Structure formats: C-alpha cells, structure tokens
1. R0 = 35 Å: FRET efficiency of Val109 with Leu66, Cβ-based, nearest 0.05?
2. Which length gain, in nm to one decimal place, applies between Val41 and Arg85 when the Cα-Cα distance is subtracted from 0.36 nm times their residue separation?
Amino acid sequence: MQQSWFCVNEPAEGGSERSLELDRIAFFSDGVFAIAIPLLVLEIRLPEPMPGSHASRLSIALVEELWPDFYSFWFVGTLWIAHHRVFRYIRDYDRGLFLINSFFLMWIVLLPFSATLLSRFEDQQG
C-alpha cells in the first residue's frame, strides 16, 4: 500500500477515502493553529516613548507589553504539538471526534483575545 505525502495516518481498513477524511480534520485543525498564531501578533503596539527616556526603558516597557504574547505563542505551539501527536494514533473518526476537536479548536481561537485582554488589563485587579 502506497502512502501519500499528505496523509497524516496510514490508510484505515475502510479504505483510503476514510483516511483522507481523517486527514481533512487534521488539516483543518492545522489551519486553525496557523491562523491563531498570527492573530497574536496583530495586537502588538509599540509603547509611546516618553520625553527623556532611553532605549533601555523603552525595551523594558516593550518586554512587559509582550510577555502575554510570548506566553500565548508558546502555549499555542505546545497545544499544536500535542494535537499533532494525538492525531498520529487516531485511525478512524465519528461525530464525537468532530465535536471534541471543534470544542478544542474553539479555545485555540479564543487565545489571541485572551492574551490581548490580559496585556491590557493586567494592572487592574479587583
């Protein structure tokens, strides 16, 4: 049995069409991850320089501004690797897999919003 370069898994016993459908789920998931990571960068804004401030102070302000984005990028990357590892062992799918995967991806899509919210309101505790 020949394996195609784009298949995530070996073809299932039901035939190669069933395997291609499973690959479509994995590819869609990869696409969600690929879109979520750039969305983290879109909200990055340079801090306004204050009169008399040095580049070192601006760098510190920038690092303080970006830490939620660095953390979120690392978190999304870690979840993508875990998702990829799990899908290597899945040989068949059903409606339950669709629902679980969609629910998981929903949280991935919300991470850029959460990172922006955290960076804007981190100093306000109440």
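No value in this document is a laboratory result; all are computed from the given coordinates. Because the structure is a prediction, the values reported are computed rather than measured. For neighbour counting, all protein chains shown are included, and Cβ atoms are generated from backbone atoms with ideal geometry for every residue, glycine included.
1. On the way: r = 21 Å, r/R0 = 0.59.
The formula returns an efficiency of 0.95 here.
2. Details: separation 44, 0.36 × 44 = 15.84 nm, distance 2.59 nm.
Residue separation times 0.36 nm, minus the Cα-Cα distance, leaves 13.3 nm.
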